[in-house]
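Colleague: Pasting in a structure now, in structure tokens, and then I'll have a few things to ask.
The values are calculated or read from the model by the stated rules, or taken from the named source; none is laboratory data. Predicted model, so just to flag it, every value in this text is computed and none were measured. Cβ: placed from backbone, ideal geometry, glycine included. Neighbour counts: every protein chain shown.
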Amino acid sequence: MVDFQSVSKRFGSSRDENQFTALDGVDLSVARGAITGIIGRSGAGKSTLIRLVNGLEKATSGRVVVDGVEVGSLSETGLRDLRRQVGMIFQHFNLLSSRTAFDNVALPLEIAGVDRNEIRAKVGPLLDLVGLGDKADRYPSELSGGQKQRIGIARALATSPKLLLSDEATSALDPETTQSILALLKQINAELGLTVLLITHEMEVVKTIASHVAVIDRGKIVEQGRTFDVFTGARHETTRSLLSASLGTQLPEWIRGSMKPQPGAGDRILVRLIFFGDTAFQPLTGRLVAELGADVNILAGSIEEIAGEPYGSLVVAYPAEPAVVERANRFYAESGLSTEVLGYVA
Amino acid sequence: MSLDMLIGLLTKSLGQTLQMVVIAGLIGSLIGLPIGIFLATSGKGELFPAPIANRILGAIVNATRSTPFIILVVAIIPFTRFVTGTSIGTYAAIVPLTIATIPFFARLVEAAIREVDKGLIEAARAMGATPMQIVFKVLLAEARPSITLAITMTLVSLIGYSAMVGAVGGGGLGDLGIRYGYQRFMPEVMLAVVVVLIVLVQIVQSAGDALARRFDKRNRKT
């Protein structure tokens, strides 16, 4: 649906010392009908990336192709036509305060020159779809944040787009409201077959609804693929750090403080066990304890759901004696557990 | 002076003041509005980028605004004569009042439009709106409460300015106050003029505030 082909974007002129490279050789493909998430810290270039899709920003080099059309080659008129086929929702909703919910949803239709009767026939069902059929005459200031975003979604859908861009749409909302908005996006994706491209800095968002994910860091895509694969096999440092904050796999401070890279006599080894796929359903922790004797501590752990699949992470410590370590490693190999040695503690 | 005479004078002067304020306000706003919109949208990277025209127009607006009104009245007498055929009287006074209103109102409109959240412009662009659609459907609609207040402020200033055009025989309440109250030592006329002016300004301001509040949907409580 959307293809980025070695896309770069620089701000400022090339002679300018303050020239800033927002995107650097981005290759990315957004699958039709899927929900794709782009995650990165603030300043990583994700806002620029999503604005290239509907031409709000222009690429410095490379091609952005949306549904077979290269965005950079379009005239102003061509761009406006494209934008009418691409809906967009925003972090701060960007609803007109002077218009009621109904009139806000009607705005893109008015802009497209749709006549009054048709607008009336279209807006009602959209408000119903987002669950705000009874709020048609309310002004944005009379609505909660979640309701405003629902109006924003209805507005984005008004011109029946084939692609929906979501610019941090849940970042200004509380966790509960975030979940309800994500559920709505998921529902729309399923019912209307709409392709969704969203950017966020919240792992939670990607984990909950995105089937595909790309991790962006300093203008480069560092990892991309199916959400579950990327998250469970995270190789890049950025992905890992974004993940550890979200997946509850961050070590407690008192352990991190006393951790050593090399074992001393009588030290204990710290290992992270990762459960997913088949291993998530087996009683492996119990068997590990039985295998190594009772001297296994559990220091941190969590079980999460990523893109609908279970994912567990457990940090354990046991004596760093060669015999014990070898028995443990044999057990991991036999049971198919993926593990990571974090360090050693006294 | 008898009460009847005073009332007669006041009514006539009030009529002249209203005539000057309403006509100058109307024409000045109609010309000032597009200039204000242009000033607010023609900067670099804005809807109608024309930075040079923007700077030139801005300089003209500043020059007009920094000329003291009484000097403006005298300075543009040739222009006034060209437009109205005379340089004295109420109609002649409307010309400098209009000229002074245009840049004043344009700056207020510019400020009102710049106040509109940039996110709304981006949202409208993302919907495929043309720059003109953005001006009419987004900027003017969202700035309506502020522009209403700008009109109010312009009318109040005009009431003040109109007191000065007695210098060119424009008449009006200010002129009445100066000629009868000051030059003929009739404090009761001066007092009456001031009271009428205060009431007039109050009415205009209250009406403007009420209208702006009605247009403003930003702080509605559920």
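Colleague: Could you check the range B:72-121 and list, in sequence order, the residues that are more than 15 Å from B:Gly170 (Cα to Cα) and free of Cβ contacts under 8 Å to residues at least 12 places away in the same chain?
Modeller: B:Ala75, B:Pro78, B:Phe82, B:Lys118, B:Gly119
Colleague: A further question follows. Could you pull out the residue among A:Gly72, A:Gly33, A:Gly68 that is away from chain B (no Cβ under 13 Å), without any contact (Cβ under 8 Å) to a residue 60 or more places away in the chain, farther than 25 Å from A:Glu237 by Cβ and in contact with a helix residue (DSSP H, G or I) (Cβ under 9 Å, 6 or more places away or on another chain)? Please lay out each step first, then the result.
Modeller: Working: A:Gly33 fails: without any contact (Cβ under 8 Å) to a residue 60 or more places away in the chain; A:Gly68 fails: in contact with a helix residue (DSSP H, G or I) (Cβ under 9 Å, 6 or more places away or on another chain).
Of A:Gly72, A:Gly33, A:Gly68, the one residue that is away from chain B (no Cβ under 13 Å), without any contact (Cβ under 8 Å) to a residue 60 or more places away in the chain, farther than 25 Å from A:Glu237 by Cβ and in contact with a helix residue (DSSP H, G or I) (Cβ under 9 Å, 6 or more places away or on another chain) is A:Gly72.
Colleague: Looking at B:Gly177 and the list (1) within 14 Å of another protein chain (Cβ to nearest Cβ); (2) under 19 Å from B:Leu3 (Cα atoms), which single condition is not satisfied?
Modeller: Single failed check for B:Gly177: (1).
Colleague: Kindly establish whether B:Val189 is under 18 Å from B:Ser13 (Cα atoms), among the hydrophobic types (A, V, I, L, M, F, W, C) and in contact (Cβ under 8 Å) with a residue 60 or more places away in the chain.
Modeller: For B:Val189, the condition - under 18 Å from B:Ser13 (Cα atoms), among the hydrophobic types (A, V, I, L, M, F, W, C) and in contact (Cβ under 8 Å) with a residue 60 or more places away in the chain - is met.
Colleague: Next question. Hey, among A:Gly72, A:Gly68, A:Gly87, which residue is small (Gly, Ala, Ser) and at pLDDT 95 or above?
Modeller: Details: A:Gly72 fails: at pLDDT 95 or above; A:Gly68 fails: at pLDDT 95 or above.
On inspection, the qualifying residue turns out to be A:Gly87.
Colleague: State which residue is surrounded by the most Cβ atoms within 10 Å (Cβ to Cβ) when the search covers only the range A:56-80 and only residues that are more than 14 Å from A:Leu165 (Cβ to Cβ) and among the acidic types (Asp, Glu).
Modeller: So the residue we want is A:Glu70.
Colleague: Would you check if there is a residue in the range A:90-101 being more than 10 Å from every other protein chain (Cβ to nearest Cβ), crowded, with 22+ Cβ neighbours inside 10 Å, touching a residue at least 12 places away in the same chain (Cβ under 8 Å) and farther than 16 Å from A:Pro161 by Cα? Steps first, please.
Modeller: Taking the range A:90-101 first, the residues more than 10 Å from every other protein chain (Cβ to nearest Cβ) are A:101.
Okay, now just the ones that are also crowded, with 22+ Cβ neighbours inside 10 Å, so A:101.
Retained after the next criterion (residues that are touching a residue at least 12 places away in the same chain (Cβ under 8 Å)): A:101.
Filter once more, so that each one left must be farther than 16 Å from A:Pro161 by Cα: A:101.
Yes: the range A:90-101 contains one or more residues that are more than 10 Å from every other protein chain (Cβ to nearest Cβ), crowded, with 22+ Cβ neighbours inside 10 Å, touching a residue at least 12 places away in the same chain (Cβ under 8 Å) and farther than 16 Å from A:Pro161 by Cα.
Colleague: Mind checking which residues of the range A:244-271 are part of a helix (DSSP H, G or I) and either at pLDDT below 75 or exposed (fewer than 14 other Cβ atoms within 10 Å of the Cβ) (or both)?
Modeller: Our first condition is that a residue be part of a helix (DSSP H, G or I); within the range A:244-271, this holds for A:244-247, A:253-258.
A:Ser244, A:Ala245, A:Ser246, A:Leu247, A:Glu253, A:Trp254, A:Arg256, A:Gly257, A:Ser258, listed by residue number.
Colleague: If you check B:Val156, B:Val199, B:Val193, B:Val165, which single one turns out to be buried (at least 22 other Cβ atoms within 10 Å of the Cβ) and either at pLDDT 90 or above or under 30 Å from B:Arg114 (Cβ atoms) (or both)?
Modeller: Details: B:Val156 fails: buried (at least 22 other Cβ atoms within 10 Å of the Cβ); B:Val199 fails: buried (at least 22 other Cβ atoms within 10 Å of the Cβ); B:Val165 fails: either at pLDDT 90 or above or under 30 Å from B:Arg114 (Cβ atoms) (or both).
Result: B:Val193 is the single residue among B:Val156, B:Val199, B:Val193, B:Val165 that is buried (at least 22 other Cβ atoms within 10 Å of the Cβ) and either at pLDDT 90 or above or under 30 Å from B:Arg114 (Cβ atoms) (or both).
Colleague: From the residues in the range A:102-133 that are within 14 Å of chain B (Cβ to nearest Cβ) and part of a loop (DSSP other than H, G, I, E, B), which one is surrounded by the most Cβ atoms within 10 Å (Cβ to Cβ)?
Modeller: The selected residue is A:Leu132.
Colleague: Is it true that some residue in the range A:54-63 is touching a Lys or Arg at 6+ places or on another chain (Cβ under 9 Å), at pLDDT below 90, over 22 Å from A:His212 (Cβ atoms) and not in a loop (DSSP other than H, G, I, E, B)? Show your work before the answer.
Modeller: Looking only at the range A:54-63, we keep the residues that are touching a Lys or Arg at 6+ places or on another chain (Cβ under 9 Å), and these are A:54-62.
After this cut, where a residue has to be at pLDDT below 90 as well, the list is none.
Looking through the range A:54-63, none of the residues is touching a Lys or Arg at 6+ places or on another chain (Cβ under 9 Å), at pLDDT below 90, over 22 Å from A:His212 (Cβ atoms) and not in a loop (DSSP other than H, G, I, E, B).
Colleague: Next question. So if I check each of B:Ile151, B:Ile102, B:Ile147, which one is within 12 Å of chain A (Cβ to nearest Cβ), buried (at least 20 other Cβ atoms within 10 Å of the Cβ) and modelled with pLDDT of 95 or more? Please lay out each step first, then the result.
Modeller: Numbers: B:Ile151 fails: within 12 Å of chain A (Cβ to nearest Cβ); B:Ile102 fails: within 12 Å of chain A (Cβ to nearest Cβ).
Answer to the check: B:Ile147.
Colleague: Return the residue satisfying two criteria in turn: it lies in the range B:34-66 and is outside any helix (DSSP H, G or I) and surrounded by fewer than 17 Cβ atoms within 10 Å (Cβ to Cβ), and of such residues it is modelled with the lowest pLDDT. First the steps, then the outcome.
Modeller: Applying the first criterion (outside any helix (DSSP H, G or I)) to the range B:34-66 yields B:42-50.
From what's left, surrounded by fewer than 17 Cβ atoms within 10 Å (Cβ to Cβ): B:43-46, B:48-50.
Working: B:Gly43: 92, B:Lys44: 90, B:Gly45: 86, B:Glu46: 91, B:Phe48: 94, B:Pro49: 94, B:Ala50: 94.
The selected residue is B:Gly45.
Colleague: Then there is this: Taking the range A:248-280 as the search range and keeping residues that are among the aliphatic types (A, V, I, L, M) and in contact with a helix residue (DSSP H, G or I) (Cβ under 8 Å, 6 or more places away or on another chain), which one is farthest from A:Glu309 (Cα to Cα)?
Modeller: Looking at residues that are among the aliphatic types (A, V, I, L, M) and in contact with a helix residue (DSSP H, G or I) (Cβ under 8 Å, 6 or more places away or on another chain), I get A:Ile269.
Colleague: In the range A:134-149, which residues are part of a loop (DSSP other than H, G, I, E, B) and either in contact with a Pro (Cβ under 7 Å, 6 or more places away or on another chain) or away from chain B (no Cβ under 12 Å) (or both)? Spell out how you get there, then give the answer.
Modeller: The initial filter retains those residues of the range A:134-149 that are part of a loop (DSSP other than H, G, I, E, B), namely A:136-139, A:143-144.
Matches in the range A:134-149: A:Ala136 only.
Colleague: Hey, another quick one. Looking at A:Arg83, is it away from every other protein chain (no Cβ under 14 Å) and either within 26 Å of B:Leu47 (Cβ to Cβ) or surrounded by fewer than 23 Cβ atoms within 10 Å (Cβ to Cβ) (or both)? Spell out how you get there, then give the answer.
Modeller: Numbers: away from every other protein chain (no Cβ under 14 Å): no; either within 26 Å of B:Leu47 (Cβ to Cβ) or surrounded by fewer than 23 Cβ atoms within 10 Å (Cβ to Cβ) (or both): yes.
Answer is no for this residue.
Colleague: Here's a follow-up. Quick one: count up the residues across the range A:272-330 that are closer than 18 Å to A:Val341 by Cα and loosely packed, with under 15 Cβ neighbours inside 10 Å.
Modeller: Count: 9.
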